[in-house]
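The values are calculated or read from the model by the stated rules, or taken from the named source; none is laboratory data. In this text, all values refer to a predicted model and were calculated from it rather than measured experimentally. Heads up, the Cβs are rebuilt from the backbone with ideal geometry, glycines too, and the neighbour counts pull from every protein chain shown. Note: accessible area is taken over every heavy atom of the protein model, side chains too, but ligands, DNA and RNA are not part of it. Shrake-Rupley method; radii C 1.70, N 1.55, O 1.52, S 1.80 Å.
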Amino acid sequence: MGDRGVPRDPHHYAGHHDRKGCSKRPAGDVLHSAIERWRHLPDRAGSGCDLSHATITSISPNVFFAGQTYSNVIITGTNFITPAAATTACPATVFMPTEVGLLPKALTVNSSTEITYGFQVIANVRTGEESFVAKNAGGLLQTSQPFKVDILAAPVITWANDPDGTSPTISGPNATLPNPTVVVGQQIILTTTPTTLATGIPIPLSIVSSAWKVTGGTNIGDYQPTSASTSVTLMPPLNTPGLTFYSVYPAASVQEAYQFCVGPLGEDGGSNACSPVVTATFDVSGFSTPAINIGNELLANIDDLTGCAAASGGPTLVYGNLRGPAAACGVATGTPGITFYPVGTPPGAGNFLFAQVVTGDSVVYSGASGTSTCTATPGLDGNYTYQLQINPPSTSDSPEAPLPSTNATVTRNFNATMYLLWQSTVNAKTIPVPLGYIPWAFNGTAANGGTAANPAWTASGTGAPVMSNGEASPDGVIGSNDAIPDAGSPNSAFVPATTISDIPGWNGLAVPASASCVTTTN
Amino acid sequence: MKSINMFRKSGRATSEFRAWLLIWLAFAAPALACGQAAEQPFTLELRANKPIGVAGSQVFVWVKMTNVSDHAVDCTEAEMDGTLTSYNYDVRYEDGKSADLVDKSLPYSSPGHTGKQWDKCSLGPGKSREIELVVSFRYNLSKPGKYMVQISRRSSLDANGLRTGDWVKSNAITVTVLPANDPPTTQQ
């Protein structure tokens with residue numbers, strides 16, 4: 001701002017004559033007496049012009065922000081000369097800043113006690129003081145004492161965790177990175193300056209509030225899924241100087257607007273005022289056409305699995321076609337009932353992840369003695385991530401149920417939603433974001449046409465995506481139904497994730513059906 | 001002085017000894033530390049995600065399987081009733097008595113059991129894999145107290161896919177379960 005506090009007076013009192021026509025007098029040692037005599041002189045030449053010096057008693061508002069234009073600043077004082085009262089010898093009062101940080105726009109002397117002033121504060125001015133003076137004709141002796149106000153720099157938004165580690169400024173005309181790009185799920189930490197005001201400003205103020213407004217994109221505060229429980233943390237409070245969040249889905253322009261307000265500090269405090277709103281803009285890159293392709297979709301089968309000390313094995317209702325040991329005994333081989341393939345071109349380095357939520361699972365056993373219905377409690381299927389896989393080329397599910405020979409029929413109805421997520425590895429501070437999901441179901445029944453001693457099981461039923469558009473389930477023949485995708489093309493049952501509610505959440509693991517069986521006897 | 005001179009003269013032998021010592025430290029020592037024979041193809045290292053749990057909540061532990069052999073080992077999992085049956089579980093109360101099973105009818109002689117096979121998994125030499133196990137679906141951990149948890153896994157599969165071979169045991173860890181109305185104030 002230059003030489004703050006030094007009046008920019010183009011005149012010099014020693015260069016003027018007094019009203020008695022005395023010749024130029026040196027300033028120095030006679031200044032005080034000259035001023036006093038001048039102020040007590042009567043009206044000049046009967047013009048109605050009072051040569052008493054102007055005074056400023058207040059300026060409202062008295063807090064101004066860089067880059068802003070103010071058109072209605074009220075200056076209150078005394079001895080202002082209005083244009084109507086002005087004469088050639090006694091022109092209207094001039095009101096002006098003493099520094100170069102302000103660009104005057106308009107000046108209206110409303111009365112001898114009030115001026116309306118307009119000006120613009122240049123954009124890159126730093127926080128400090130500004131002084132104004134009111135000048136009547138005659139020079140320094142008719143100029144008011146400088147009246148100081150606060151000039152505050154505009155807030156600046158900084159990207160505190162950019163991948164390069166440079167913490168660039170991303171708002172305002174001097175932004176070093178005006179329009180950065182992040183990938184979906186990448187943590188964005190924004191900080192702002194100032195967070196406190198300098199103590200050197202003439203009118204003591206403090207920051208009394210901060211406010212963010214985020215527009216565009218789908219944004220959350222956090223998402224840290226675990227097997228135990230998972231929920232979405234919505235956006236954090238927007239009334240702090242900093243902001244940390246994640247954008248979940250691709251968006252061309254996610255704007256973060258920030259403003260702070262100041263308030264008086266102590267008896268000498270200035271006005272309440274708010275900074276201009278500054279804005280940062282991120283582009284969020286992501287998948288353009290993610291999908292889950294489906295494979296297999298076999299019919300239900302009766303597979304005779306090998307038992308061991310831990311499990312008896314024997315006939316098992318399987319969605320898929322397996323041979324070898326029962327699940328408790330070893331590793332079976334064969335074809336899983338349904339296979340899920342992640343599809344899509346990622347926006348950068350990262351991993352596909354699956355998570356499956358069981359929405360319903362029941363097994364009903366019917367026999368001569370009665371019926372047992374075992375019902376699972378919905379929840380996460382097994383683990384997060386599904387089968388603890390990271391970036392698998394595919395994953396699968398083959399729900400099965402052992403078939404106790406004392407039953408005539410065993411029916412399993414399994415409903416689940418398989419979510420496809422992706423997590424960037426751009427840095428350690430990323431969250432998984434959903435790409436979409438497929439609800440699917442397996443409904444199979446095993447019927448015992450033999451006896452308890454010599455069972456003869458047959459299976460019916462199949463599994464498939466649950467079509468939201470009401471199309472019929474596929475019949476197990478690949479390519480025979482729209483629910484089954486052609487190779488390399490998205491499945492029509494795939495639901496792209498687009499909202500916060502599409503982010504998978506659970507309160508815990510699905511509790512197995514065996515934990516809750518209700519038996520009715522015939 | 002004589003022995004020193006011998007080492008000075010046989011620098012190559014000393015280097016070989018050091019190399020073998022490093023190899024032993026890298027592979028044999030961890031196995032022995034877990035009470036496992038050096039010839040077992042993998043090690044199991046158990047840790048508790050949260051040493052303190054709350055009664056009634058699901059209790060998880062993590063097991064890190066490390067292939068210390070020179071060939072790939074199977075790491076495929078299978079699941080019955082939410083428990084990974086690829087492992088044998090030994091859960092005991094503080095007094096050493098075995099904790100109560102959730103399902104007294106094990107091994108799976110009653111209705112209602114469901115399971116699945118996980119995708120195939122093979123762990124290369126020197127590679128590790130850490131997975132999460134739910135202990136509370138197999139054992140009733142609703143009673144507040146301290147539980148000692150140890151798991152084991154068969155060292156190999158036979159030609160038919162049945163788990164066979166010696167049991168490879170993990171270290172034992174202690175999980176503390178607090179009453180439901182006295183949850184931990186800090187997460188550990």
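Quick notes
- Shape descriptor for segment A:55-190: Rg over Rh equals 1.21 (Cα atoms; Rh from the Kirkwood inverse mean 1/r).
- Shielding by other protein chains, A:354-364, mean Cβ within 10 Å: 1
- Take the convex hull of the alpha carbons in segment B:42-178; its mean projected area over all directions comes to 8.5 nm².
- Rolling a 1.4 Å probe over the heavy atoms of the protein chains gives segment B:42-178 an accessible area of 41 Å² per residue.
- Placing a pseudo-label 7 Å from each Cα along the Cα-to-Cβ vector at residue B:164 and residue A:224 gives an inter-label distance of 4.6 nm.
- Distance from segment A:177-229 to segment A:47-126 (C-alpha centre basis), Å: 38 Å
- Projecting the Cα positions of B:122, B:72, B:85 onto the charge dipole of segment B:42-178 (unit charges on Cβ atoms of Lys, Arg, Asp and Glu, taken about the Cα centre) puts B:85 furthest along the positive direction.
- The local environment of residue A:230, defined by Cβ-Cβ distances under 15 Å, has a net charge of -4 under the rule Lys, Arg +1 and Asp, Glu -1.
- Subset of A:429/B:127; A:429/B:169; A:148/A:213; B:64/B:116; B:97/B:120; A:429/B:116 violating a 30 Å alpha-carbon distance limit: A:429/B:169; A:148/A:213; B:97/B:120; A:429/B:116
- With all protein chains kept in place, the per residue accessible area of segment A:73-194 amounts to 39 square angstrom at a probe of 1.4 angstrom.
- Loss of accessible area when A meets B, both sides summed, Å² nearest 100, probe 1.4 Å: 3100 Å²
- At a probe radius of 1.4 angstrom, the accessible area of segment A:213-329 per residue rounds to 39 square angstrom.
- Environment charge at residue A:68 (Cβ cut-off 14 Å; Lys +1, Arg +1, Asp -1, Glu -1): -1
- Among the residues of segment B:136-152, those with an accessible-area drop of 40 Å² or more from chain alone to full protein complex, heavy atoms and 1.4 Å probe, are B:137.
- Histogrammed with a bin width of 5 Å, the alpha carbon distances of segment A:178-269 distribute as 3, 11, 19, 18, 14, 11, 9, 7, 5, 2, 1, 0 percent, first bin at zero.
- Note that segment A:256-386, at 25 °C in a medium of 0.890 mPa s, gets a Stokes-Einstein diffusion coefficient of 116 µm²/s from its Kirkwood radius over C-alpha pairs.
- Its Cα centre serving as origin, segment B:59-132 has a Cβ charge dipole (Lys and Arg +1, Asp and Glu -1) of approximately 140 debye.
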